[in-house]
Structures are given as structure tokens and as C-alpha cells.
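Undergrad: Sharing a structure, written as C-alpha cells. Questions coming.
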Amino acid sequence: MSVESRTELVPLRTWFGLRWRGYDRDEVDDYVSELEAELRLVTADRDASEARADALASRLMSVQEENAGLQDGLHRICLTPIDPKGLPERLARMVALAEEERRDVIRDAQLKALMIVGEAEQRARMLDEEAANKREEIREDFRLAMSARRAEAMRALAELRNVAIDEAERIIAEAKVHGARID
């Protein structure tokens, strides 16, 4: 399942079952494992997007090189102009049509190259923005989860402290009662 198909990037859980000495270790380990798996998915999607952008950039460069080679070849051919006066009328018309077609091909190739460059740049910007947004969301989710965990731990410690104080007071009261019986 890819990250885009999920509505929530990282399903954060802000509570864990309490045990005598803190949180349930298995629950925390499972949660951390799930979080790490989600981060691996995000990283894999980012890497795949970067690879696609690199492939598009490489394709663009090869198209530009091919275009430059074609333009150089055409330029060499054009340096030796054909004198239409020496050609029959039909051949002169064919040369004129070929020249017009050459201009159209060059214009179309340049437009296509510009479109490919624009698409690649736009896609790269979108991927960069998506990656930055996902990183920021993950950081914020992690910060919120850690804050909630700290608050829960502090509440649990306060509760344990109160239970310990109550227990100590009960033991002291029992000791006083027992001491009064002895006297």
C-alpha cells in the first residue's frame, strides 16, 4: 500500500497500557515498529519519486542532445543552399516544402523539449514540496505524541505517588493503632 492511498500518514496512538513499572513494553515496541515501517514507506516513495525525476531529467538531456545533433546536421546541410533557378519547378517546390517542414519539425521539437523540461521541473518542485510537507507532518505528529506520552507519564507518576502516600498513611495509622494497643 502506497502512502498516497492512506488518508492518515502515521496513525499516532497516544496511550499505552500501564503496568506496575511503566508502560507495556510490547505495546511500545509494536508502536515504534509500526512507526518505523511507515517511515520506511515514506522514504521509499520519496526515493522512487527522486529516481523518476532523475530518469525524466536524463531523458530530457538525451532529447536535447539529439535535438542539438539534428540541428547541427541540418545547419551543415543548409550551408550549401540549393539554387532554385537551376532546378525544375517541381523540384524547387519540393525543396520549399522540405524547408517549411524542417522549420515545423524544429519548432515542434523545441516546443516539446520545453514542455518536457517544464513538466520535469514542475514534478520535481511538487515532489520536493510533498516531501517537505510529509517530513513536517511527521515531526509534528511525533512531537505531539511525545508531549502526550510525557503528560500521561507525569499523570501516572502523580497517581502512583498519591497511592504510595495513601498506603504510607494507612501503614502509619495501623502502626499507631497497634502501638496504642501495646501501651
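The values are calculated or read from the model by the stated rules, or taken from the named source; none is laboratory data. Keep in mind that what you see is a predicted model, and the values were worked out from it rather than measured. Because the Cβ atoms are built from the backbone with ideal geometry, glycine has one as well, and the counts that use them run over all protein chains shown. When the accessible area is computed, the model is the full protein with side chains, heavy atoms only, and any ligands, DNA or RNA have been set aside. Shrake-Rupley method; radii C 1.70, N 1.55, O 1.52, S 1.80 Å.
Undergrad: Charges on Cβ only, +1 for Lys and Arg, -1 for Asp and Glu, centred on the Cα centroid of region 87-183; of 111, 144, 165, which one is farthest towards the dipole's positive end?
TA: 165
Undergrad: Could you derive backbone 3J(HN,Hα) for region 119-129 from the dihedral phi with the Karplus parameters 6.51, -1.76 and 1.60 (θ = phi - 60°), listing whole Hz in sequence and x where the residue is Gly or Pro?
TA: 5, 5, 5, 5, 5, 4, 5, 4, 5, 4, 5
Undergrad: To the nearest 20 debye, what charge dipole does region 59-175 have about its Cα centre, counting +1 at the Cβ of each Lys and Arg and -1 at the Cβ of each Asp and Glu?
TA: 460
Undergrad: First check a/c for region 81-183, with a ≥ b ≥ c the square roots of the eigenvalues of its C-alpha gyration tensor; if it is under 1.5, answer rounded, and if not, answer prolate when a/b is larger than b/c or oblate otherwise. Numbers along the way, then the final one.
TA: Working: a/c = 19.50, a/b = 16.27, b/c = 1.20.
Prolate shape, in that a/c is at least 1.5 and a/b is the bigger ratio.
Undergrad: Could you work out what % of the accessible surface of region 77-183 is carbon and sulfur, using a 1.4 angstrom probe and leaving DNA, RNA and ligands out of the count?
TA: The computed percentage sits at 60.
Undergrad: Send over a whole-number figure in Å² for the accessible area per residue of region 65-183, probe 1.4 Å.
TA: On the way: 9840 Å² over 119 residues.
On a per-residue basis, 83 Å².
Undergrad: Can you give the accessible area of residue 63, probe radius 1.4 Å, in Å² rounded to 10?
TA: 50
Undergrad: May I ask for the percentage of alpha-carbon pairs in region 22-168 that lie more than 26 Å from each other? Present the calculation step by step, with values, prior to reporting the outcome.
TA: Values: 6612 of 10731 pairs.
Here the long-distance tail beyond 26 Å is 62 percent of all Cα pairs in region 22-168.
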